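*Asks:* Once you've had a glance at the structure underneath, I'll fire off some questions.
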Amino acid sequence: MEADFVETGRFPGGHLRILKSGDVLHDSCVGCLDIERGRRWQPDAIMRIYSMTKPIVSTALMMQIERGLARFDQPVSDFLPGWLDQRVWTGGKGAELATEPAARPVTLHHLLTHTAGLTYGTRLAAVGGAKVEDPVALLYPVGDAAMARGLQAYAQAIGPLPLRYQPGTRWMYSVATDIVGAIVETLAGKPLGEHLAEAIFSPVGMKDTGFHVPQDKAHRLAACYIAEPDESMRLADDPASSSLLMPPMFESGGGGLVSTMDDYCRFAELLRKGGAPLLEAATLAAMTANQLPGDCELKTIALVSDPRLLPEATGFGLGFATTLDAERASVPATGDFYWSGAATTIWWVDRTRDLTILFMTQLLPATAYGFQEWLKRQVYAALD
């Protein structure tokens, strides 16, 4: 298939890889690694994968659950004491904000499915998201201020904040996977990055994935851009001065990793083949099945203002979204599982067709060009 959908000029990256049954069906790499310095995209480019961090960290928690160190129904407060006696927002804002007691404790299942009552605070606005007006989200800078003290401090600061809704009743994209990362740290007894390196990156062969870019690999870090309303692009993170060149104090389980096409492809292919050696087949099946209350669709219970983030016939599992009905979704991919990243990084696995697809750029926000659903339609049309 032709890679005619990626600009070859002033475009921040563009690497599409399609594998069928493990064999490379298509692999094209075009665009710029660094527009200002005239550096072309390279196959080993190191990229900010933002929310594509979430499936990896969710996998890390599932590995701990498999080992009997935690349970799906276990309250978060068993691992983070600051999460006891939580309250739920009922109305008002600021000093007039009203709450009621939580009807049930937030559990690990709630975190993994983004049904915990958490929000994303104001952090998505920093990567091209919409302006935040939600009264609960506006309280989250209290947690952000704790980031300088590490992931545990952040998780403990978020715990006492009001929940946006009663746990298990709605879906809202949130900092839940950052809290998952803090729980993984607690269970592993070591920093999240160190544990991921030992438990996932090393056995899978993900040699360029981590929470920062070592100096000897700095020349491979791609520049990151943001799309302006007039369709121009502005440099958002210069690879020569990026904070990613130093180990962070806050290792974000929800969006902090950098990776490469090869590394993430290894992770995705491992899942396509059934999850071994990281996960048992039954665990992966649970992760990639719809776990929303009553087996409902995502848009039925989601609290989100942008309809582009809620495709038709979509469910959500334990760290992944999944297509529930190919006909209504307008893509022949029933039972696939996927997630994307803020810088327009996209991947999905279709085990029915033995397909693994990855598309990587470095352009904020992910909704700028509507790539995800468009790319799916293009790929399946070419294959069919």
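*Asks:* Output the residues belonging to the range 169-209 that are under 27 Å from ALA116 (Cα atoms), open to solvent by 50 Å² or more (accessible area, probe 1.4 Å) and in a helix (DSSP H, G or I).
*Replies:* Passing the criteria: THR186, GLU194.
*Asks:* Going by the conditions given, is LEU138 open to solvent by 50 Å² or more (accessible area, probe 1.4 Å) and either free of Cβ contacts under 8 Å to residues at least 24 places away in the same chain or part of a helix (DSSP H, G or I) (or both)?
*Replies:* Numbers: open to solvent by 50 Å² or more (accessible area, probe 1.4 Å): yes; either free of Cβ contacts under 8 Å to residues at least 24 places away in the same chain or part of a helix (DSSP H, G or I) (or both): yes.
Taking the combined requirement at face value, the residue satisfies it.
*Asks:* Consider only pairs whose beta carbons are under 7 Å apart and that are at least six residues apart or on different chains; among these, list those whose first residue lies in the range 88-105 and is touching a residue at least 24 places away in the same chain (Cβ under 8 Å) and closer than 14 Å to LEU161 by Cα and whose second residue is open to solvent by 40 Å² or more (accessible area, probe 1.4 Å) and charged (D, E, K, R).
*Replies:* Correct list of pairs: VAL88/GLU100; TRP89/ARG164; THR99/ARG87; ALA102/ARG87.
*Asks:* Given (1) open to solvent by 10 Å² or more (accessible area, probe 1.4 Å); (2) at positive phi, where does GLY31 come up short, assuming only one miss?
*Replies:* (1)
*Asks:* Go through the range 91-122 residue by residue and tally those that are in a loop (DSSP other than H, G, I, E, B) and touching a strand residue (DSSP E or B) at 6+ places or on another chain (Cβ under 6 Å).
*Replies:* Going through the range 91-122, the residues in a loop (DSSP other than H, G, I, E, B) turn out to be 92-93, 97, 102-106, 114-122.
From what is left, the residues that are touching a strand residue (DSSP E or B) at 6+ places or on another chain (Cβ under 6 Å) are 92, 102, 105, 114-115, 117.
The total comes to 6.
*Asks:* Run LEU112 past the list (1) modelled with pLDDT under 95; (2) surrounded by 16 or more Cβ atoms within 10 Å (Cβ to Cβ); (3) out of contact with any Phe, Trp or Tyr (no Cβ under 7 Å at 6 or more places or on another chain) and report the number of the one that doesn't hold.
*Replies:* It fails just one condition, (1).
*Asks:* Which of the residues belonging to the range 262-308 are touching a residue at least 40 places away in the same chain (Cβ under 8 Å) and under 19 Å from LYS207 (Cα atoms)?
*Replies:* ASP262, ASP263, TYR264, CYS265, ARG266, PHE267, ALA268, GLU269, LEU270, LEU271, PRO277, LEU278
*Asks:* I'd like the residue in the range 141-156 that is touching a residue at least 60 places away in the same chain (Cβ under 8 Å) and farther than 21 Å from SER58 by Cα and, out of all such residues, is least open to solvent (accessible area, probe 1.4 Å).
*Replies:* Checked the range 141-156; the qualifying residue least open to solvent (accessible area, probe 1.4 Å) is ALA148.
*Asks:* Also, quick follow-up: Report yes if LYS207 is farther than 24 Å from GLN152 by Cα and of a type outside the set (Ser, Thr, Tyr), otherwise no. Step through it out loud before you land on a result.
*Replies:* On the way: farther than 24 Å from GLN152 by Cα: yes; of a type outside the set (Ser, Thr, Tyr): yes.
It is true that LYS207 is farther than 24 Å from GLN152 by Cα and of a type outside the set (Ser, Thr, Tyr).
*Asks:* Here's something else I'd like to know. Tally time: how many residues in the range 123-135 are in a loop (DSSP other than H, G, I, E, B), open to solvent by 40 Å² or more (accessible area, probe 1.4 Å) and aliphatic (A, V, I, L, M)?
*Replies:* Within the range 123-135, residues that are in a loop (DSSP other than H, G, I, E, B), open to solvent by 40 Å² or more (accessible area, probe 1.4 Å) and aliphatic (A, V, I, L, M) number 1.
*Asks:* Here is a further query. Do the conditions hold for LEU69, that is, is it outside any helix (DSSP H, G or I) and among the hydrophobic types (A, V, I, L, M, F, W, C)?
*Replies:* Criteria met by LEU69.
*Asks:* For the subset of the range 237-281 comprising residues that are among the small types (Gly, Ala, Ser), more than 21 Å from THR323 (Cβ to Cβ) and not in a loop (DSSP other than H, G, I, E, B), which member is nearest to the chain's Cα centre (by Cα)?
*Replies:* Taking the range 237-281 and keeping what is among the small types (Gly, Ala, Ser), we get 240-243, 252-256, 259, 268, 274-276, 281.
Okay, now just the ones that are also more than 21 Å from THR323 (Cβ to Cβ), so 240-243, 252-256, 259, 276.
Next, from what is left, pick out any that are not in a loop (DSSP other than H, G, I, E, B): 243, 259.
On the way: SER243: 20, SER259: 13 Å.
Selected residue: SER259.
The values are calculated or read from the model by the stated rules, or taken from the named source; none is laboratory data. Here the structure is a predicted model, which is why all the values come from computation and not from measurement. Heads up, the Cβs are rebuilt from the backbone with ideal geometry, glycines too, and the neighbour counts pull from every protein chain shown. Calculation scope for accessible area: heavy atoms of the full protein, side chains included, ligands and nucleic acids excluded. Shrake-Rupley method; radii C 1.70, N 1.55, O 1.52, S 1.80 Å.
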